[in-house]
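The values are calculated or read from the model by the stated rules, or taken from the named source; none is laboratory data. If you're wondering where the values come from, they're calculated on a predicted model, not measured in any experiment. Cβ placement follows ideal geometry from the backbone for every residue including glycine, while neighbour counts extend to all protein chains displayed.
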Amino acid sequence: MYRKIISAVDGSFHSELAARHAVAIASSLGSQLTVLAVDAGEVERKKLSYAIEHLRQHAGTYGIQAKGIIRKGEVVKTILAVINEENADLLVLAKFYSYKVEILHVIEFPRWYDLPWIRLYTMRRQGEETMAPVADALKALGINVDVRVVVAESSINAIPKEAAIGRHSMALMGASRRSILKEVVYGNPIERMLSSILCDVLIWRRRL
């Protein structure tokens, strides 16, 4: 049983999620909860104070009177020092994972392998220019983005292949009204692709 829990926060979305788990654990076990923020000079102190107070209020909705601490210093050493001072049994913190998005643009062209290399190069460059506004919009949100353009006879075959080469975790695709019409006439190409792709797939369709 955990009698004293420390949740380390830094004002990020990930640390708040971890802290909410700490609140849930403390609530279920009747543990004391301390919300700790380390001021290492990388995050504004005002933001750290807000993160602590926000989570203390959240803990209060569960009947927990959480203690808030802001300590200046090096992150790891400071956290270890507070663990010893508070005689804590459990430390809850978040690990930040850096995700990368690859925008895949497939240009369908029959017998593309018979095209001269300069034509293929031009098609890929034009595809990159077409996708540039989308990539720029994602980069403006702080998302790490790459653009990849391939020329293939069928996107249904190209997408699973590229997902496997890039070892992607998820493929996000949009379904248009035109693709819905093609399903009626030619069958469902997405189902054929799902049978061969190796990662999770999320399909987005605009409301009709």
**Request:** For the range 170-179, indicate whether the set of residues that are touching a helix residue (DSSP H, G or I) at 6+ places or on another chain (Cβ under 9 Å), assigned to a loop (DSSP other than H, G, I, E, B), modelled with pLDDT of 80 or more and among the aliphatic types (A, V, I, L, M) is non-empty.
**Result:** no
**Prompt:** Among (1) over 30 Å from A158 (Cα atoms); (2) touching a strand residue (DSSP E or B) at 6+ places or on another chain (Cβ under 7 Å), which single condition is I103 missing?
**Reply:** (1)
**Message:** When you check I107 against the structure, is it touching a Gly at 6+ places or on another chain (Cβ under 9 Å) and not basic (K, R), yes or no?
**Reply:** yes
**Asked** Can you find a residue in the range 110-133 that is out of contact with any His (no Cβ under 8 Å at 6 or more places or on another chain), closer than 30 Å to V23 by Cβ and outside any helix (DSSP H, G or I)?
**Response** no
**Message:** Against the conditions (1) surrounded by fewer than 15 Cβ atoms within 10 Å (Cβ to Cβ); (2) of a type in the set (S, T, N, Q); (3) outside any helix (DSSP H, G or I), where does Q57 fall short? Just the number, please.
**Reply:** (3)
**Prompt:** What about A94, is it over 30 Å from D146 (Cβ atoms), touching a helix residue (DSSP H, G or I) at 6+ places or on another chain (Cβ under 8 Å) and crowded, with 18+ Cβ neighbours inside 10 Å?
**Reply:** no
